[in-house]
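Undergrad: Quick one: the structure is below, and I'll ask about it shortly.
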Amino acid sequence: MSAADPRLDRLRGIAPSILAADFGRLRSQVEETVAAGATVIHVDVMDGHFVPPITMGPLVVDALKGIDALLDVHLMVERPERHLADFAKAGADVLSVHAEATPQLQYALGLARELGALAGLAVCPGTPNDVYVENAAKVDMAVCMTVNPGWGGQSFIPTSPDKVRRIAERVAPGTAIQVDGGVDLSTIGTCAQAGATVFVAGSAVFGKDDPGQAVRDLAAAAEVAARGATAV
Ligand code: DX5
Ligand code: ZN
């Protein structure tokens, strides 16, 4: 999609990750977070190869169709270009592919947009950030993994905010910057100060008794920190 895609306005704030949700009542749990202001719902797709676990496929995205939020599909799969069409058809608004998962990165990013989605480019903590320089024109959202991908509930890697800053210097203006992994009330502020604009939170939302309140608390913490970072 082009930079004028209206969905870019909603690609911000807290993105609850359904990996930590109760799948027996997935839709109602997701709706609670949307009612609390979440405009992005994060769906973690794992293939048992790129990362050890196997999680969910297009059927789960399809089950969330019609929710009043962007469906943000994080593909932790090898050769993601082979699966983009299925996820687009299921209703994905954002398709994020990993730089480490394909030798055909520009093709994959271009295909995501051709299929009508916003294109996300994700990097693992150990991957050099210059991949964003080479692909800047093809990326709507940079995904900075703040844990090594594969599982929810891991601890935030403390050097991540520095990586977010380096990524922010390399993407085109207006590109969303997502942090993913270990984001909670104690870590979200440093991410916001570093320039992150989309905050994936699994355990810190669905691991709480009141996921809606958790979204509001995280959003408030991110806003306060971002305001502090821009104040002179
Ligand atoms: C990890 C996934 C994350 C995960 C985050 O590989 O990409 O999106 O759901 O979970 P928490 O917020 O619990 O670290
Ligand atoms: Zn994710």
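No lab work stands behind these numbers, since they all come straight from the coordinates. Since this is a predicted model, take the numbers as computed values, not measurements. All Cβ positions, even for glycine, are placed from backbone atoms using ideal geometry, and neighbour counts span all protein chains on display.
Undergrad: So how do SER160, SER186 line up by other beta-carbon neighbours within 10 Å, fewest first?
TA: Going from least to most buried by this count: SER186, SER160.
Undergrad: What does the extension gain come out to for SER28 and ARG79, with contour length at 0.36 nm per residue minus their alpha carbon separation?
TA: Additional length available on full extension: 15.1 nm.
Undergrad: Per residue of the chain, what 222 nm ellipticity follows from adding -39500 (n - 2.57) for every DSSP H run with n ≥ 4, rounded to the nearest 500?
TA: Rounded to the nearest 500, it is -9500 deg cm²/dmol.
Undergrad: Sticking with this structure for a sec: Shape of the range 56-117 from its Cα gyration tensor (a ≥ b ≥ c, root eigenvalues): rounded if a/c is under 1.5, otherwise prolate when a/b > b/c, or oblate?
TA: Prolate, because a/c is 1.5 or more and a/b exceeds b/c.
Undergrad: Another question about this same structure. I want the local charge near VAL171. Using Cβ-Cβ distances under 14 Å, sum +1 for each Lys or Arg and -1 for each Asp or Glu among the other residues.
TA: +1
Undergrad: For TYR107, TYR132, which order do you get if you count the other beta carbons within 10 Å of each Cβ and list the fewest first?
TA: In increasing order of surrounding Cβ atoms, one gets TYR107, TYR132.
Undergrad: Still on this structure, I have one more. Decide, for the range 3-118, between rounded, prolate and oblate: order the square roots of the alpha carbon gyration tensor eigenvalues as a ≥ b ≥ c, take rounded if a/c falls under 1.5, and otherwise choose prolate if a/b is larger than b/c, else oblate.
TA: oblate
Undergrad: Please give me, ordered by residue number, the trypsin sites (Lys or Arg not before Pro) of the range 50-145 that lie in loop per DSSP and have at most 11 other Cβ atoms within 10 Å.
TA: Passing sites in the range 50-145 are LYS65.
Undergrad: Checking the a/c ratio against 1.5 first, then a/b against b/c, what shape does the Cα gyration tensor give for the range 7-231?
TA: Rounded is the answer for the range 7-231, as its axis ratio a/c remains below 1.5.
Undergrad: Separate question: Please list, by residue number, everything in the range 72-110 whose backbone N is under 19 Å from a paramagnetic label point 7 Å out along Cα→Cβ of ARG166.
TA: Of the residues in the range 72-110, 98-101 have backbone N under 19 Å from the label point off ARG166.
Undergrad: Enumerate the calculated ³J(HN,Hα) couplings along the range 128-133 in order (Karplus 6.51 cos²θ - 1.76 cosθ + 1.60, θ = phi - 60°), each rounded to whole Hz, writing x wherever the residue is Gly or Pro.
TA: Using θ = phi - 60°, the values come out as x, 7, 5, 4, 6, 5 Hz.
Undergrad: Under a plain spin-label model, where a point goes 7 Å from the Cα along Cα-to-Cβ, how far apart in nm are TYR107 and SER155?
TA: 4.1 nm
Undergrad: Most exposed first by the Cβ proxy, i.e. fewest other Cβ within 10 Å, how do MET76, MET56 rank?
TA: By the 10 Å Cβ count, ascending: MET56, MET76.
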